[in-house]
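Structure first, then comments.
The values are calculated or read from the model by the stated rules, or taken from the named source; none is laboratory data. Please read all numbers here as calculations on a predicted model, not as lab measurements. Positions of Cβ are generated from backbone atoms using ideal geometry, with glycine treated the same way; all protein chains shown enter the neighbour counts.
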Ligand SMILES: [Zn+2]
């Protein structure tokens, strides 16, 4: 029923999309050569074999490739280029709205790339691709909705001085502090920067995220950074439930005010609960799932990425997506990393419809949540108008393919 052609044509979004994990492979090779970054191979096949694989041993191997992508991205020119290309690649497959996330502190090189410089360069690339798309006759005439985007900055749950030149310096300047205090300070500094750069430079920094190793770094350590962005009307998302269980998701919502949760994979896993105060674990996860569903806290679902980083998931039909659907949780389908996971939004939707019970109505909801629960850069009224345009276009495409959405 859902052909690739239909899925490509339907208007889609991607709300969980890491810039540094979503480069074009040929561009990475070209930029590595011109920026004198060493790669284990300079052919696409070689890199697919060595670094960006179909499947990975564990999260560590999955993250290995970021070392190379971050090295080439410590350049304003390359940052603008990959941002432009990322928007273009999304437009090519019918994605109309993206929220691109990255950790500026990983890319600051203490030479040409500053916090503000990195955000400006990314915005410039995204803006250029957006203008090109929106100048098309079909968009100007209103026949097709316009493309739009926002930027999310990621604080790191864990970093060491080896992560980037910025972090090296940050650690050396706080020589007498415990590493966890330095990490917390890093997140607060990023929160202040994001608010100021958004307000003074007009860059659409729409959200704040917490990424990186979850295990050993609880959400509550980042309360101060999240309270700052919360008070300044910036949206919040948190990577949670990727390594930890339900309590970590609960913390993200109650302590960090998360509007959305990245992954949320272990939401229903009672074995992952370590808090000894929680006696009835079944009731706890059921109450939490109900709370998330009722508050419309949206799960950014990344199927391929979860399969690749989590060897515990033997087959895709075992994924907790099935249970989330059953509990009526608000879910949006995302890629996580187009290069590292070797995927696209179309592929992720195909995975969903081919392995789970998805009716036309459920598919429409999944796609619509990507717009309704987006951190749209503009006021709520504008967001409603934009979402309405997307919905009308969706229904037009569905009718063309004789899909009955009722
Ligand atoms: Zn992610």
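Summary table below
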| item | result |
| --- | --- |
| Cβ pairs under 9 Å, 6+ apart, first in region 373-385 and more than 23 Å from residue 294 (Cα to Cα), second in a loop (DSSP other than H, G, I, E, B) | 377/204; 378/204; 382/376 |
| Per-region count, region 80-117, residues assigned to a loop (DSSP other than H, G, I, E, B) and in contact with a strand residue (DSSP E or B) (Cβ under 7 Å, 6 or more places away or on another chain) | 2 |
| Which listed residue is touching a residue at least 12 places away in the same chain (Cβ under 8 Å), outside any loop (DSSP other than H, G, I, E, B) and surrounded by 14 or more Cβ atoms within 10 Å (Cβ to Cβ), from 224, 236, 196, 169 | 236 |
| In region 245-266, residue surrounded by the fewest Cβ atoms within 10 Å (Cβ to Cβ) [restricted to those that are within 16 Å of the ligand (Cβ to nearest atom) and assigned to a helix (DSSP H, G or I)] | 266 |
| Boolean, residue 188 is at pLDDT 95 or above, out of contact with any strand residue (DSSP E or B) (no Cβ under 8 Å at 6 or more places or on another chain) and more than 28 Å from residue 390 (Cβ to Cβ) | yes |
| Residue in region 302-311 that is within 16 Å of the ligand (Cβ to nearest atom), in a strand (DSSP E or B) and within 21 Å of the chain's Cα centre (by Cα) present | no |
| Some residue of region 150-165 being out of contact with any strand residue (DSSP E or B) (no Cβ under 7 Å at 6 or more places or on another chain), touching a residue at least 60 places away in the same chain (Cβ under 8 Å), crowded, with 21+ Cβ neighbours inside 10 Å and more than 30 Å from residue 392 (Cβ to Cβ) | yes |
| Enumeration of residues in region 333-363 that are surrounded by 24 or more Cβ atoms within 10 Å (Cβ to Cβ), at positive phi and out of contact with any strand residue (DSSP E or B) (no Cβ under 8 Å at 6 or more places or on another chain) | none |
| Matching residues, region 207-244, being out of contact with any strand residue (DSSP E or B) (no Cβ under 8 Å at 6 or more places or on another chain), within 16 Å of the ligand (Cβ to nearest atom) and at pLDDT 95 or above | none |
| Which numbered condition residue 55 misses (of (1) over 20 Å from residue 121 (Cα atoms); (2) assigned to a strand (DSSP E or B); (3) away from the ligand (no atom under 16 Å from the Cβ)) | (2) |
| Count - residues of region 23-49 that are more than 16 Å from the ligand (Cβ to nearest atom), part of a loop (DSSP other than H, G, I, E, B) and touching a helix residue (DSSP H, G or I) at 6+ places or on another chain (Cβ under 8 Å) | 9 |
| Residue check for residue 121: assigned to a helix (DSSP H, G or I), modelled with pLDDT of 95 or more and touching a strand residue (DSSP E or B) at 6+ places or on another chain (Cβ under 7 Å) | no |
| Given (1) surrounded by fewer than 16 Cβ atoms within 10 Å (Cβ to Cβ); (2) touching a helix residue (DSSP H, G or I) at 6+ places or on another chain (Cβ under 9 Å), number of the condition residue 73 does not satisfy | (1) |
| Criterion violated by residue 20 - all others in (1) closer than 24 Å to residue 71 by Cα; (2) assigned to a helix (DSSP H, G or I); (3) more than 24 Å from the chain's Cα centre (by Cα) satisfied | (3) |
